[in-house]
Amino acid sequence: MKLIDTHCHLDSLKSISIQEELLLAKENGVEKIITIATEPEDLEITLELARVYKNDVWATQGIHPHQAINFSDDILEIMKNNVINNRSQIVAIGEIGLDYYYDFSPRKNQIDAFEKQLQLAKTLNLPVVIHSRDADDDMVDIIKNFYARENDSGNRRGVFHSYSSGLKLAQTILEEDFYCGFNGMITFAKASNVREIFEIVPLEKILLETDAPYLAPVPHRGKENAPHLLPFIAQKGAELKKISIEEFAEITFQNAMKLFQLSNL
């Protein structure tokens with residue numbers, strides 16, 4: 001069984017060294033890991049991890065909506081140059097999007113940063129990794145308007161990671177040819193809303209992630225999460241889809257390979 005953790009934050013792990021975690025992940029079938037940038041300070045950190053652990057770890061470049069107040073055109077230029085100079089290590093623009101639950105950055109700043117990073121991804125022909133929380137209406141409008149305006153149906157879209165939003169956004173995601181990323185939340189007893197969406201998303205549009213060090217799956221909930229726990233999420237996913245874990249793992253593995261073009265790197 002082979003798995004890909006499509007979304008984690010390796011630089012935030014505290015209970016285990018990155019090198020030890022990568023060995024443990026391999027032992028548990030996690031062949032590849034994508035570590036996600038979220039703020040100006042970790043753009044270089046994630047890239048360096050992908051350089052040091054080449055062929056095991058890949059990186060993204062992006063500014064999270066929490067950090068949108070710190071976003072600038074200079075940072076956008078840094079992201080662009082990092083991608084151009086490190087094409088074999090950087091596989092997406094993200095984590096970008098909208099978060100109206102916490103509103104750590106003004107919504108105007110969030111929207112501006114999000115739209116500019118969507119444009120950067122299109123310019124560089126990279127998929128996006130999107131965070132969306134309590135912002136479904138604006139997210140639907142932005143996604144529909146951006147891709148209608150760009151008229152690029154052949155472009156790789158991306159993934160809505162850690163999906164926990166409603167049916168309206170899920171329908172838009174699928175209509176616009178995005179993937180949905182699911183993590184330990186599908187194992188949580190009270191997360192029936194996430195499982196309901198999971199069950200309607202086609203297998204060919206599902207990606208697996210841990211979002212480590214957050215959202216550890218049952219039976220490790222409450223502890224630090226890590227990529228080596230991804231099999232618990234895969235097991236639950238297979239159970240919900242009523243197929244074997246081997247088949248579920250293979251389909252989601254190939255989905256990730258296709259979206260992030262990992263076989264070409």
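In the stretch 57-72 there is at least one residue that is more than 30 Å from K26 (Cβ to Cβ) and in contact with a Gly (Cβ under 8 Å, 6 or more places away or on another chain).
For the stretch 191-216, a tally of residues being under 25 Å from A37 (Cβ atoms) and of a type in the set (A, V, I, L, M, F, W, C) returns 7. Can you work out which of the residues in the stretch 126-165 that are at pLDDT below 95 and outside any helix (DSSP H, G or I) is farthest from Q89 (Cα to Cα)? Step by step, filter the stretch 126-165, then rank; the result is N151. Exactly one residue out of F188, F248, F178 is under 13 Å from L3 (Cα atoms) and free of Cβ contacts under 8 Å to residues at least 60 places away in the same chain, and it is F248. Does S192 meet the test of being under 13 Å from the mean Cα position of the chain (by Cα) and either of a type in the set (S, T, Y) or modelled with pLDDT of 95 or more (or both)? It is false that S192 is under 13 Å from the mean Cα position of the chain (by Cα) and either of a type in the set (S, T, Y) or modelled with pLDDT of 95 or more (or both).
Does any residue of the stretch 1-23 turn out to be under 16 Å from the mean Cα position of the chain (by Cα), outside any helix (DSSP H, G or I), more than 21 Å from S263 (Cβ to Cβ) and not aromatic (F, W, Y)? So far as the stretch 1-23 goes, yes, one or more of its residues are under 16 Å from the mean Cα position of the chain (by Cα), outside any helix (DSSP H, G or I), more than 21 Å from S263 (Cβ to Cβ) and not aromatic (F, W, Y).
F114 meets the conditions (1) in a strand (DSSP E or B); (2) out of contact with any His (no Cβ under 9 Å at 6 or more places or on another chain) in every case but one. The failed one is (1). Only one of the numbered conditions (1) buried (at least 23 other Cβ atoms within 10 Å of the Cβ); (2) outside any helix (DSSP H, G or I) is violated by N55, and that is (1). Remark: pairs (first residue in the stretch 66-90, among the β-branched types (V, I, T); second residue assigned to a helix (DSSP H, G or I) and surrounded by 14 or more Cβ atoms within 10 Å (Cβ to Cβ); Cβ separation under 6 Å; 6+ apart in sequence or on different chains) = I69/N109; I75/P40; V83/L124; I90/V83. Residues that are over 18 Å from the mean Cα position of the chain (by Cα) and assigned to a helix (DSSP H, G or I) were ranked within the stretch 241-262; the one that is nearest to P231 (Cα to Cα) is I245. Mind checking whether some residue in the stretch 54-65 is touching a residue at least 24 places away in the same chain (Cβ under 8 Å), farther than 23 Å from I33 by Cα and among the basic types (K, R)? Checked against the condition, which is being touching a residue at least 24 places away in the same chain (Cβ under 8 Å), farther than 23 Å from I33 by Cα and among the basic types (K, R), the stretch 54-65 yields no hits at all. Here M257 passes the criteria (1) of a type in the set (A, V, I, L, M, F, W, C); (2) in contact with a Ser or Thr (Cβ under 7 Å, 6 or more places away or on another chain); (3) surrounded by fewer than 22 Cβ atoms within 10 Å (Cβ to Cβ); (4) within 25 Å of E196 (Cβ to Cβ) except the one numbered (4). Restricting E41, E21 to residues that are surrounded by fewer than 16 Cβ atoms within 10 Å (Cβ to Cβ) and among the charged types (D, E, K, R) narrows the list to E41.
State whether one or more residues within the stretch 214-221 are of a type in the set (D, E, K, R), within 15 Å of the chain's Cα centre (by Cα) and part of a loop (DSSP other than H, G, I, E, B). Within the stretch 214-221, none of the residues are of a type in the set (D, E, K, R), within 15 Å of the chain's Cα centre (by Cα) and part of a loop (DSSP other than H, G, I, E, B).
The values are calculated or read from the model by the stated rules, or taken from the named source; none is laboratory data. All of these numbers come straight from a predicted model, not from anything done at the bench. Cβ atoms come from the backbone with ideal geometry, glycine included; neighbour counts cover every protein chain shown.
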